[in-house]
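The values are calculated or read from the model by the stated rules, or taken from the named source; none is laboratory data. Not measured: the values here are computed from a predicted model. Glycine gets a Cβ as well: all are built from the backbone with ideal geometry, and neighbour counts include every protein chain shown. Ligands, DNA and RNA are stripped out before the accessible areas are found, and what is left, the full protein with its side chains, is counted by its heavy atoms. Shrake-Rupley method; radii C 1.70, N 1.55, O 1.52, S 1.80 Å.
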Number of protein chains: 2
Amino acid sequence: MSTSALPYRPHNHDACVAQALADARAICQQRNARLTPTRERVLELIWQSHKPLGAYDVLAVLAEDGHNAAPPTVYRALDFLQQYGLVHRIASLNAFVGCTHAGKHHNGMFLICRSCGNVLELTAPDVAKAVSQAASAEAFQPEDVMIEIAGLCPACRANAPHD
Amino acid sequence: MSTSALPYRPHNHDACVAQALADARAICQQRNARLTPTRERVLELIWQSHKPLGAYDVLAVLAEDGHNAAPPTVYRALDFLQQYGLVHRIASLNAFVGCTHAGKHHNGMFLICRSCGNVLELTAPDVAKAVSQAASAEAFQPEDVMIEIAGLCPACRANAPHD
DNA sequence: TTTGCAAATGTTATAATGTTGCAAATTTTC
DNA sequence: GAAAATTTGCAACATTATAACATTTGCAAA
Ligand SMILES: [Zn+2]
Ligand SMILES: [Zn+2]
Ligand SMILES: [Zn+2]
Ligand SMILES: [Zn+2]
């Protein structure tokens with residue numbers, strides 16, 4: 001069962017999603033935030049795909065669910081999930097992925113495979129430090145750091161070595 | 001004269017634009033690319049504003065020029081300018097800025113002030129190295145690195161210290 | 001000069017992404 | 001239970017970007 005869209009590293013993705021949802025519930029409870037059914041469903045949908053999911057992709061699945069939702073429903077849910085660090089928006093793709101470090105204070109850095117579309121979120125302290133120093137050197141006060149790297153993942157490199 | 005929209009650091013912005021255009025002409029000639037009037041005008045408009053300019057902002061100015069352009073005209077010009085490294089697209093803003101390192105091989109890193117809207121492009125070798133190492137550690141082959149940092153520029157920090 | 005081709009532009013329509021505003025429903029608080 | 005706050009439903013709209021095809025332009029070979 002599961003892993004129809006082969007993720008970046010093989011694993012039981014159903015368990016992966018279930019864990020993410022459990023974490024999300026815990027985080028929201030701790031912070032007195034309401035993980036309503038719609039919000040939870042949106043989070044689940046985003047997690048089920050390791051590939052970034054667009055807002056209108058989410059909307060389409062909600063429609064299949066029988067949920068007669070309009071764009072604001074999805075965008076509001078996504079805003080909420082972002083606010084609580086449960087999903088990230090990938091600006092270069094206009095799409096969203098589940099945060100793999102939810103709850104922890106972190107600045108994600110995303111490796112986006114241009115071939116298979118999978119995305120891996122990393123926390124790279126060296127990168128964060130270098131970015132912070134570069135900003136400081138300009139007396140700039142960073143608040144939101146966005147790092148998105150498009151390229152080829154290991155699997156796709158192996159499949160197409162001469163590119 | 002000029003500098004109606006105060007840039008990040010004070011300077012004669014007309015000269016700044018003129019230099020950028022001269023550089024662009026040289027780069028295009030060297031690479032046998034045609035910097036046509038529309039392309040050059042779009043580049044000029046983008047340079048005239050230190051703040052990122054949206055495609056439809058460009059379109060509006062072209063209309064004022066009397067140039068009855070449609071969206072594809074602008075997007076094509078922008079594609080061309082990006083391809084030759086003359087402008088960058090800021091994904092988090094859906095907008096474009098002139099490249100301050102045109103011709104040189106570089107990966108821009110952008111400091112975007114959320115208060116005044118100005119953008120500073122840096123080349124930070126330490127950041128580039130750290131990113132490259134982090135990607136290597138995942139056996140990922142980076143091709144396009146996007147770093148956009150939203151925050152407060154020095155001037156705006158000074159104006160609103162307690163935020 | 002003319003002809004032929006590729007690159008660039010014009011034109012129309014449409015797709016994709018994201019927002020505003022307000023009313024109704026739900027949940028929380030008192 | 002009533003009042004207040006949060007969340008959702010809904011309709012319209014705004015912004016950003018692309019597709020498809022016709023036309024023009026720049027350039028070079030015949
Ligand atoms: Zn994260
Ligand atoms: Zn891949
Ligand atoms: Zn640049
Ligand atoms: Zn500023």
Inset, instruction - Taking H placed 1.01 Å from N in the peptide plane, check which residues at least 5 places from A:PHE96 or on another chain put their amide H under 5 Å from its amide H. - result: A:LEU53, A:GLY54, A:ILE90
Inset, instruction - At 1.4 Å probe size, with every protein chain present, just tell me what the per residue accessible area of the protein assembly as shown comes to in Å². - result: 53
Legend entry - Interchain or long-range residues, amide H under 5 Å from A:GLU143's placed H: B:ALA150, B:GLY151, B:LEU152
Inset, instruction - Kindly identify residues of the stretch B:83-107 having a loss of at least 30 Å² in accessible area between the isolated chain and the assembly of all protein chains, probe radius 1.4 Å. - result: B:ALA91
Inset, instruction - Kindly compute the accessible surface that chains B and A hide from a 1.4 Å probe when together, both sides summed, and give it to the nearest 100 Å². - result: 2900
Legend entry - Percentage relative contact order, chain B, counting C-alpha pairs under 8 Å, at least six apart: 19
Legend entry - Förster radius 41 Å - calculated FRET efficiency between B:HIS101 and B:ALA158, Cβ distance, rounded to 0.05: 0.90
Legend entry - For the stretch B:76-121: rounded, prolate or oblate by the Cα gyration tensor [a/c cutoff 1.5]: oblate
Inset, instruction - Just check the stretch B:75-163 against the gyration tensor rule for me: Cα atoms, a ≥ b ≥ c as the square roots of the eigenvalues, rounded for a/c under 1.5, and otherwise prolate or oblate depending on whether a/b exceeds b/c. - result: oblate
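Taking all protein chains as present, what is the carbon and sulfur share of the accessible area of chain B, in % to the nearest whole number, probe 1.4 Å?
Ligands and nucleic acids excluded, carbon and sulfur reach 49 percent.
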Legend entry - Potential extension, B:GLU143-B:ASN32 segment - 0.36 nm per residue separation minus Cα distance: 37.5 nm
Inset, instruction - Round to the nearest 10 and report in Å² the accessible area of B:SER49, as given by a 1.4 Å probe over the protein chains' heavy atoms. - result: 30
Inset, instruction - Could you run the Karplus curve 6.51 cos²θ - 1.76 cosθ + 1.60 with θ = phi - 60° over the stretch A:124-134 and give me ³J(HN,Hα) per residue in whole Hz, x for Gly and Pro? - result: 10, x, 4, 5, 4, 5, 4, 5, 4, 5, 4
Inset, instruction - Using only protein heavy atoms and a 1.4 Å probe, report how much of B:ARG31 is accessible, in Å² to the nearest 10. - result: 130
Legend entry - Derived scalar couplings ³J(HN,Hα) [the stretch B:70-82; Karplus, 6.51 cos²θ - 1.76 cosθ + 1.60; whole Hz; x for Gly, Pro]: 10, x, x, 4, 5, 5, 5, 4, 5, 4, 4, 5, 5
Inset, instruction - Provide, for q = 0.14 Å⁻¹, the log10 of I(q)/I(0) from a solvent-free Debye sum over equal Cα point scatterers in the protein assembly as shown. - result: -1.23
Inset, instruction - Run through the DSSP bridge list for the stretch A:13-159 and note the antiparallel percent, rounded to the nearest 5. - result: 65
Legend entry - Estimated [θ] at 222 nm from DSSP helical runs (n ≥ 4, -39500 (n - 2.57)) normalised by residues in the protein assembly as shown, nearest 500: -14000 deg cm²/dmol
Inset, instruction - Distance check, please: which entries in A:LYS104/A:LYS129; B:LYS51/B:LYS129; A:LYS104/B:LYS51; A:LYS51/A:LYS104 exceed 24 angstrom between their Cα atoms? - result: B:LYS51/B:LYS129; A:LYS104/B:LYS51
Inset, instruction - State the Cα centre-to-centre distance between the stretch B:27-80 and the stretch B:131-158 in whole Å. - result: 27
Inset, instruction - Give me Rg over Rh for the stretch B:13-159, both radii from the alpha carbons and Rh done the Kirkwood way, two decimal places. - result: 1.00
Inset, instruction - For the protein assembly as shown, give the share of DSSP beta bridges that are antiparallel, in percent and rounded to the nearest 5; count only bridges with both residues there. - result: 75
Legend entry - Residue-wise HN-Hα coupling along the stretch B:98-105, computed from phi with Karplus coefficients 6.51, -1.76, 1.60 (Hz; x: Gly, Pro): x, 7, 8, 10, 4, x, 7, 7
